[in-house]
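S.K.: Take this structure, written in structure tokens, and hold onto it; I'll ask about it next.
Just so it is clear, none of the values below were taken in a lab; they were calculated from the coordinates. All values derive from a computational prediction rather than experimental measurement. Heads up, the Cβs are rebuilt from the backbone with ideal geometry, glycines too, and the neighbour counts pull from every protein chain shown.
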Amino acid sequence: MITHRPYGIEHPYATSPDQRVPVLPLTGEPVRLGVVVSPNVERVVCEWGSTELDLTPAQVAASDAAALAGGEGHLSEAQANALGGDGGWSGVTPPVDAPVKYRFHAHGASAVETTEWFEVSPAAWTRDAVGEVRGGDERVLDVEWLVSAVGVHRARFAFELRPDDHLVGFGERYDALDQRGRSLDAVVFEQYKSQGVHGRTYLPMPFAHVVDASGNGWGFHLRTSRRTWYSSVGDKLVVEVALGDEPTVDLAIYEGGPAAVLKAFLDEVGRAEELPSWVFRLWASGNEWNTQELVMARMDAHRDLAIPVGAVVIEAWSDEEGITIWRDARYEVTADGSAHKAGDFSYRHDGVWPDPKAMIDELHARGIKVILWQIPLQKTEITTGQVAADAAAMVREGHVVLEADGTAYHNRGWWFPHALMPDLSVQRTRDWWTEKRRYLVEDLDVDGFKTDGGEHAWGHDLVYADGRRGDEGNNLFPVHYARTFGDLLRSAGKAPVTFSRSGFTGSQAHGIFWAGDEDSTWEAFRSSVTAGLTAASCGIVYWGWDLAGFSGPVPDAELYLRAVAASVFMPIMQYHSEFNHHQLPLRDRTPWHVAEITGDERVIPLFRQYAELRERLLPYLVEQAALTITTDRPLMRPLFFDFADPSVWDFPHQYLLGNDLLVSPVLEPAATTWTTYLPAGDWVDVWTGERVDGGLVTRDVPLDVIPVYCRASRWSELSPLF
């Protein structure tokens, strides 16, 4: 009849109706208390120490609803409903000056229900030496500790910033390359679209460069997987760190320019390995390609239109329940949840996937690799069949992430709600989880996995088998997830090709990443370029995006072709489209469909032209990726890595692809000319072969041109590519 959870559902950016806000008040701060009650409750009273507080019905705050905003798309409604709203009551307490016990009484028509006792202890910041910052040396200023009667909760300190210092890093960021003057945090989160507006990310890291106008500087890394916060106002960067049982901050300071700082960081956390050349070819994908006939039709169209393609990502291959078995395959349920072999399945000739092995073999014969979609969750609403057997086995055999009370954790997010999460922090569960998918690799010859999701762990007190609690383990979940599938592929003699959107420190060593869910807008285009550059600044080598966005109506021809052109000169080139319930008109981002919807006859020939250029660039991309891995100079490289030139900061969307190509994407509609800033040196316009001096260069940009300039010293070797 009544529920109160002091931490609520632990959404990082919004509160739920049954929550205490703030969870940890400062001394002298009032608290808003929330409960959820059944419809027959007529009155709710909080017994707050010796005081009685009457609560009143309340709705989800507008700011909390905004935290879930994602615009149009198949997940928007699910997000909007995630916090609930019906049955919420709330009230505000007097200022909290000392520990207080409280409980609630829900008065119905004929009964009163009373909750257990809760306690809240206010906290205060102190400069007393109650903890230790290790490794900060003389750079750390103004150290403070947040202390309550329960213990030490957070540390806060500052770094001095000079007037011309720039601040870059913090993982993949969508809002700006230079984070100077902004506030942000580092917590893995699924922001469905508009990441650049909200300042949230799937792939945060507590690491950043501080770079001055001369290209020198330093960097720092907080050696923690707990949540951290950053705010740079005036001449200081203020850092706040959530603590565990020990009041200790472990801090690394790296001296030197950006390349030296990044190398020192990657020496600690790991770096990428070389992946096969095919990952640099065009990847094709559509969420609604949910039959063998559709997949082959899309690949046939690529062949018939002479548009080269190197990989197909099949998202809707399974039932989206267990994500282990091809949809409508025939098989016997393994009641104990044990893994199937390829021979356990038969496929209907008139089914949606009549012969997956023959399909994969045919695609391989055409030179097309096959990537299958995954999600690290196990549905629980299905009570029969293999999905139910697997869910029962996960719980029975101890393969699930747990709540603090030892029960199985059920996903609190909006996507796959209430699903179980495998505890991939330990090898035994990693082996159990991947064994059910091993036949896909060893027998069907699948080439990689789209390791989607990974942001589903909410709860500071979740329990992981490696000994970590949720506050420390949640951010690491996507790292374990990509590693799990990379290891499966390695064990079968395959390259560890995983395709993830979420991650944290350590993800550098685990596969390929893309920028997540975005609309087809120019704003999202710009945000995605920024995301690639910030991720690269933190050591992510293999990175791409859903070119021109994957959600909403099909982009117009101009946006689509500008995005295609930019993607040719990014580490990974791929198109994808969101599930839209198979409504007409379809929303595929294939070039022929975009041409049909827009009526623009330029789309197919220009797409073909760019895809053919991408094929010619493969040797250069392979060469430069290998150099990146050995030198730690990013493949998609912000200009500040190479040029001690204050002007490069005025052109934050320009970048180097490898050592020799400077790329200046056209990021505004209706552009007929585009101005690029070329740092000092000898450059060549790759489309004309003309030598260009450093400085501001403006050129015409018809749709078949993206401004790209080659270092003159390399032009004779690279000119045949163009």
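S.K.: Which distance in Å, rounded to a whole number, links the C-alpha centroids of the stretch 1-61 and the stretch 243-261?
M.R.: 38 Å
S.K.: How high is the relative contact order of the chain, in percent, with contacts defined as C-alpha pairs under 8 Å that are six or more residues apart? Display every interim value, and only then the final one.
M.R.: Working: 1650 pairs, mean separation 79.5, N = 722.
In percent, rounded to a whole number, it is 11.
S.K.: Each residue of the stretch 21-34 in order: what ³J(HN,Hα) in whole Hz does its phi give by Karplus 6.51 cos²θ - 1.76 cosθ + 1.60, θ = phi - 60°, with x for Gly and Pro?
M.R.: Each residue of the stretch 21-34 in turn: 9, x, 4, 10, x, 7, 4, x, 9, x, 10, 8, 9, x Hz.
S.K.: Let me ask you something else. Does the stretch 125-269 classify as rounded, prolate or oblate by the C-alpha gyration tensor (a ≥ b ≥ c root eigenvalues; a/c under 1.5 gives rounded; else a/b over b/c gives prolate, otherwise oblate)? Could the numbers behind the result be given before it?
M.R.: Details: a/c = 1.61, a/b = 1.22, b/c = 1.32.
It comes out oblate by the Cα gyration axes.
S.K.: Starting from the 7 Å offset along Cα-to-Cβ, what nm value, one decimal, do you get for the label separation of residue 141 and residue 26?
M.R.: Between residue 141 and residue 26, the label points sit 2.0 nm apart.
S.K.: Determine the gain in length on full extension of the stretch residue 691-residue 341; use 0.36 nm per residue of separation and subtract their C-alpha separation, reporting nm with one decimal. Let's see the in-between values first.
M.R.: Numbers: separation 350, 0.36 × 350 = 126.00 nm, distance 6.03 nm.
Extra length available between residue 691 and residue 341 comes to 120.0 nm.
S.K.: Order the peptides 213-225, 660-672 from the highest to the lowest mean number of other Cβ atoms within 10 Å of their residues.
M.R.: Numbers: 213-225: 19.6, 660-672: 17.2.
The most tightly packed comes first, giving 213-225, 660-672.
S.K.: What whole number of Å gives the distance from the Cα centroid of the stretch 652-722 to the Cα centroid of the stretch 133-175?
M.R.: Value for the Cα centre distance between the two parts: 39 Å.
S.K.: For a paramagnetic label modelled at 7 Å from the Cα of residue 236 toward its Cβ, which residues of the stretch 131-146 fall within the zone defined by backbone nitrogen distances under 15 Å?
M.R.: Within reach of a label on residue 236: 139-146.
S.K.: Compute the separation of the alpha-carbon centres of the stretch 501-522 and the stretch 387-456 and state it in Å as a whole number.
M.R.: One Cα centre to the other: 21 Å.
S.K.: Sort the following peptides by mean Cβ neighbour count (other Cβ atoms within 10 Å, averaged over residues), highest first: 594-601, 31-38. If you can, show how the numbers build up before the last one.
M.R.: Values: 594-601: 16.8, 31-38: 21.8.
My ranking of the peptides, most packed first, is 31-38, 594-601.
S.K.: Multiply the residue gap between residue 260 and residue 162 by 0.36 nm, knock off their C-alpha separation, and tell me the result in nm, one decimal place.
M.R.: Details: separation 98, 0.36 × 98 = 35.28 nm, distance 2.00 nm.
Going from the current span to full extension adds 33.3 nm.
S.K.: Once you list every other residue whose beta carbon is under 12 Å from the beta carbon of residue 440, what net charge do they have if Lys and Arg are +1 and Asp and Glu are -1?
M.R.: Numbers: positive: 341, 357, 436, 437, 438, 494; negative: 435, 442, 443, 445, 447.
Here the charged neighbours net out to +1.
S.K.: Then there is this: Highest mean first, what order results for 206-212, 156-162, 255-261 on Cβ atoms within 10 Å?
M.R.: On the way: 206-212: 25.3, 156-162: 17.4, 255-261: 19.0.
Answer by packing, highest mean first, reads 206-212, 255-261, 156-162.
S.K.: While we're on this one: Would you mind counting up the charge near residue 126? Only other residues with Cβ under 15 Å from its Cβ, with Lys and Arg at +1 and Asp and Glu at -1. Each step should come with its number before you reach the end.
M.R.: Numbers: positive: 127, 154, 156; negative: 128, 132, 142, 144, 240.
Summing Lys and Arg as +1 and Asp and Glu as -1 gives -2.
S.K.: Note the full-extension length gain between residue 113 and residue 615 as 0.36 nm times their separation in residues minus their Cα-Cα distance, in nm to one decimal. Write out the running numbers ahead of the final one.
M.R.: Details: separation 502, 0.36 × 502 = 180.72 nm, distance 6.88 nm.
Once the chain is fully extended between residue 113 and residue 615, it gains 173.8 nm.
S.K.: Report, for the chain, the % of DSSP beta bridges that are antiparallel, rounded to 5. Numbers along the way, then the final one.
M.R.: Values: 99 of 124 bridges.
That works out to approximately 80 percent antiparallel.
S.K.: How much FRET efficiency would the formula 1/(1 + (r/R0)^6) give for residue 404 and residue 277, where r is the Cβ-Cβ distance and R0 is 51 Å, rounded to 0.05? Walk me through the numbers on the way to the answer.
M.R.: Details: r = 48 Å, r/R0 = 0.93.
Approximately 0.60, to the nearest 0.05.
S.K.: Could I ask something else about it? What net charge is computed for the residues neighbouring residue 45, neighbours being all others with C-beta under 13 Å from the C-beta of residue 45, Lys and Arg scored +1, Asp and Glu -1? Kindly include the intermediate steps, with their values, before the conclusion.
M.R.: Numbers: positive: 43, 103; negative: 42, 47, 52, 54, 113.
Summing Lys/Arg as +1 and Asp/Glu as -1 gives -3.
S.K.: Taking amide H positions as placed in the peptide plane 1.01 Å from N, state which residues far from residue 655 in sequence (5 or more) or on other chains have amide H under 5 Å from it.
M.R.: The list, which skips near neighbours in sequence, is 663.
S.K.: Relative contact order of the stretch 202-291: what whole-number percent is it, with Cα pairs under 8 angstrom and at least 6 residues apart?
M.R.: On the way: 91 pairs, mean separation 23.0, N = 90.
After rounding, I find 26 percent.
S.K.: Could you tell me the relative contact order of the stretch 636-721? Use alpha-carbon pairs under 8 Å, at least six residues apart, and round to a whole percent.
M.R.: Working: 138 pairs, mean separation 23.2, N = 86.
The normalised contact order for the stretch 636-721 reaches 27 percent.
S.K.: Which of 357/436; 193/263; 263/436; 101/236; 193/341 have a Cα-Cα distance over 28 Å?
M.R.: Working: 357/436 17 Å; 193/263 32 Å; 263/436 38 Å; 101/236 39 Å; 193/341 38 Å.
As for pairs spanning more than 28 Å Cα to Cα, those are 193/263; 263/436; 101/236; 193/341.
S.K.: Right, another one. FRET efficiency for residue 300 and residue 631, Cβ-Cβ distance as r, R0 = 41 Å, nearest 0.05?
M.R.: On the way: r = 42 Å, r/R0 = 1.02.
With R0 = 41 Å, the Cβ-Cβ based efficiency is 0.45.
S.K.: Could you tell me the calculated FRET efficiency between residue 682 and residue 426, based on Cβ-Cβ distance and R0 = 51 angstrom, to the nearest 0.05?
M.R.: Numbers: r = 55 Å, r/R0 = 1.07.
That pair, residue 682 with residue 426, gives E of 0.40.
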